[in-house]
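The values are calculated or read from the model by the stated rules, or taken from the named source; none is laboratory data. Being a predicted model, the structure only gives us computed values, none of them experimental. Don't worry about glycine lacking a Cβ; one is built from the backbone with ideal geometry, like all the others, and counts go over all protein chains shown. Surface areas here come from the heavy atoms of the whole protein model, side chains and all, with no ligands, DNA or RNA. Shrake-Rupley method; radii C 1.70, N 1.55, O 1.52, S 1.80 Å.
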Amino acid sequence: MSHPTLTDKLKVYGLLLVGLGFLTAGIFNIRDRISWNDPSDGIAWIERDEGVVVLTVTGEQPLPDVQPGDTLLRINQHEILNMGDYTDVLFLLNPGETAHYFLKDRSTGDVKEIRLTIQPKPVLAMKDFFRIIVAFVYLCVGVLILVKYWRSRGSIHFYLVCLFSFSLYLFSYINRLQPFDYLVYWISVVSTLLLPPLFLHFSMNFPTRKSWLRTHSPVILFIYLPFVFLLGLQIFWFAGRLAWIGLPRTLSARITLDIVHLIYFSLFFLGGLTLLFISRYSSESTELRQQMKWIVIGTTLSLVPFFFFYVLPFLLNLDINPLMQASILCLIFLPISFAYAIVKYRLMDVDILFKRGAAYFIASAAVLGIYFLLIGLSGVILQFFFPESNTFAIAISALVVAFLFAPIRRRVQQEIDRFFYKDEYKYRQSLIEFGHTISTESSMETITSAIIERVNKSLKVETVAIFLRYPQEPEQYDLLAYRGLRRPLPPRQRFTIPDAFLITGVNVPTLPFTIIEEETRPENLALRDEYARLSLFYFQPMAHRNETIGVIALGKGPQETFLSSEDLELLSMIAGYAAIALENSRLYSTLQAKAHELEALKAYNENIVEGINVGVVVVSNDGIITTWNQAMVQLYYLPGRQAIGRRLEEVFAPDLSATIRNAFPADSYTTSDTANFYKLFLENRRGDKRFVNLTVSPFVRETGQVAGTLLVFDDITARVQLETQLLQAEKLSSLGLIAAGVAHEVNTPLTGISSFTQMLIDETGQNHPHHTMLKKIESQCFRASEIVQNLLNFARVQTTEFGSVSLNELLQESVALLEHQFTKKTIAIRMDLAPDLPPVRGNEGQLMQVFVNILLNARDAVPPGGHIDIRSRFGDGFAVIQFEDNGKGIPPEIRQKIYDPFFTTKEVGQGTGLGLSVSYGIIQEHAGRIFVESEPGQGTRFTIKLPAAEPAAKEASSS
């Protein structure tokens, strides 16, 4: 890319000064509009054939005599024929002044005089604030593009679009009608008329010039002709020279011209939007289509809402409410979309305009003198034209000169550098650029390439090699990169470079060591000749913190010439920069390797923590959870992202938190000892009841520092249930032995009592006075016999024959046996039996006894109108039977005793307390399991799991 010329720079500075002028005028205009109030009579008027007619009363002062439809004849002594006359007379009045209005009554035709007090009406409205916001966004974006990308295609054009958009949306004249107001008026008019062709022209050339423009260049001229025509029309109308064509200088004529301008504005911007759409979809470049996408989107979001919510209602003479006025803010998207595309996708690929530099004292003093001189002159000039500006004029002068200060200072600094350093100037400039280049690199390969390139360009040396020293091995180096060696390198990994070969900073030679025989030790002669054959004669050490980390080896200069002392000094400076860069690269590589090692170690540790089957929680010294592994997620049913970062008390229940806090000292979450808590109750977020063993121990780093506390949760719920079942089985086994002995001992006398009672009943008739008593004795004997039989069943003293049993059929028979009792209590039995349920090995009578016992208990627990669900299924080699009711449920304190013999909650005489204990023994004898789940008020579910017969189980699994 070519360097900018003075003309180019002056053009940019001139455009910036024009923008500064527009900004200054805009600030004054905003100040005037804030302080200015238009006169208002509080009446809305409309121009009709009969004259200026009252539309409605809008002011706060009461005007009972003014009615819609009344015609305005005079204000004071001024006759009113149209809205132009009304406006001219109204603005001759001052707020607070009393005016005499003469109106013709709509109904009677009489002339009536109304005295009105002229009220102040603020000029700035809500839409003006919206326009000011849009204006400054346009100006900021335009200045940014001009300053940073001024040499790019279309940047100046885009700046002009933004500048005139700023003028269009910001400027609005007030009716004070002083010279500055007329200036503001014409700036606004020119901006309104010039902006549409500017935008259309810009759309034709951005991002690339349209092909049809290259062969039809007069098209550009034609798009500016409407601007010339409308501007001339506005000038003649303003001068009052268009009354002969029906456009006198009246308010209605001005509104007509405004509508024409708005239509012209909309059509040209619509044309520009169409061209951008064409560029978006006709481009063959994927990158260009992506770049234009944001511009088309921004332009559409900007112009479409503005047209439909503001322009169209204005053309249709509709009332524009504040919400519709807010559509003006959509115009912000236009410059922002262009700026976003430029910055994001580099549509204007240019370099930075200026680079910073340090100026010497002479340059700074000289420029400082010019600076104050220009401030004084510009201040005098501005004060001559604007005598009231004072400090503002000086400030404007400072801003103008500030634009010229940087290039002047840079030029003076360059000339002083050339004077003092002469030929060395180019070396110093080269060194600065080199330092900037390698300071931003971390790759060893990139740095060595940059060193070789810089040495080659600065010293004109074709042969360059970079060696890196092996740590802890003196005079041993590894070759990193090279250029221009005379022959291929020998096949070896290391090179020996004696310290005698190195150029020291104390005595810099002007000749290479190959011709200084006395400085070369005899043992190094072979190495010297070998390096000479490679065309390497100079060995510049790269030292960092008094340690040599590498060597830059060079050949001779152009045409086999030796390097001068200045060249060697420059080489030494380059080596200094190179040493820092290489050391930083090596440190960066080491740090990166350490980081990768730490990441791998962290991943390894995390995999271990995540893979173990106990819950692991790490708490910081502040009580914040920092680790929450997957086993803890499954145990507590809480995802890690919801637990990590929260306090311990916020996650766990208060009772569990209090238990954990007992392991810590007061007001601390750090412990030096290990504490164990056994069989803690834990209810997770899903409501599951679990039992855990908790270990609380200090979390210690490698340095021995306690960084927190480690909590290990071991879920022992299954173990506790198994222990409970084993304890129950042991208890039942002991009770069974006792029950067997008791049953046999009781059976003998009970048989005698029953036999003698039956004999007495046979010998006495029904009319005998003791007959009823004997019947009661017989009934109680039968009941005692039943209890003894249950004890025998519980003790399992009788022999049991096992066979193949169909559980589905057994369930249906059990329900049929009790059907009358369920019907009597209006209890619904709902059965869902798996048709593929395999048979089990068992005793049909005993299993039916279990089913009947559970169904009878459910009958007693379910209220009238309730239901009992019976389900069967097969899984994991077991036939599973479930009985679930909607009864009153079993409290936790009772649920632990339901399998105990003789334990019952029924009234005396209604139950023996052996039903579930006998059932438990039967299921255990069948190698099965029985579980109960119940909550008070929510019903009870019994689950029985019996192993399926092996051949049937295999067949069911394969199907």
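General remarks:
- Complete set of residues in the range 878-889 that are open to solvent by 30 Å² or more (accessible area, probe 1.4 Å) and under 29 Å from L726 (Cβ atoms): F878, Q882, E884
Here is a yes/no grid of residues against (1) of a type in the set (G, A, S); (2) outside the structural domain of Y899 (by the TED database); (3) in a loop (DSSP other than H, G, I, E, B); (4) modelled with pLDDT under 80:
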site	(1), (2), (3), (4)
G752	yes, yes, no, yes
F756	no, yes, no, yes
L760	no, yes, no, no
Q766	no, yes, yes, yes
E778	no, yes, no, yes
Q789	no, yes, no, yes
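- Consider the range 289-327 and keep the residues that are buried (at least 17 other Cβ atoms within 10 Å of the Cβ) and farther than 30 Å from V260 by Cα. The one that is modelled with the lowest pLDDT is Q291.
Here's the yes/no breakdown for (1) of a type in the set (A, V, I, L, M, F, W, C); (2) surrounded by 17 or more Cβ atoms within 10 Å (Cβ to Cβ):
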position: A653; (1), (2): yes, no
position: Y669; (1), (2): no, yes
position: T674; (1), (2): no, no
position: E683; (1), (2): no, no
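- Top-ranked residue in the range 248-261 [being modelled with pLDDT under 80 and open to solvent by less than 30 Å² (accessible area, probe 1.4 Å); ranked as nearest to F164 (Cα to Cα)]: A253
- Near pairs, Cβ below 9 angstrom, 6+ apart or cross-chain, from the range 873-888 (over 20 Å from P835 (Cα atoms)) to any residue that is assigned to a strand (DSSP E or B) and aliphatic (A, V, I, L, M): D885/I868; N886/I868; G887/I868
- Filter result (within 21 Å of F130 (Cβ to Cβ), touching a Phe, Trp or Tyr at 6+ places or on another chain (Cβ under 9 Å) and assigned to a strand (DSSP E or B)) within the range 15-54: D38
- Of all residues making up the range 825-874, the number that are over 24 Å from T904 (Cα atoms) and open to solvent by 20 Å² or more (accessible area, probe 1.4 Å): 18
- Counting only helices (runs of 4 or more DSSP H) that sit completely within the range 633-723, those holding 3 or more residues that are at pLDDT 85 or above correspond to 640-643, 648-651.
- Close pairs (6 angstrom Cβ cut-off, 6 or more residues apart or separate chains): open to solvent by 50 Å² or more (accessible area, probe 1.4 Å) in the range 72-97, in a loop (DSSP other than H, G, I, E, B) anywhere: F91/N175; P95/I118; E97/I118
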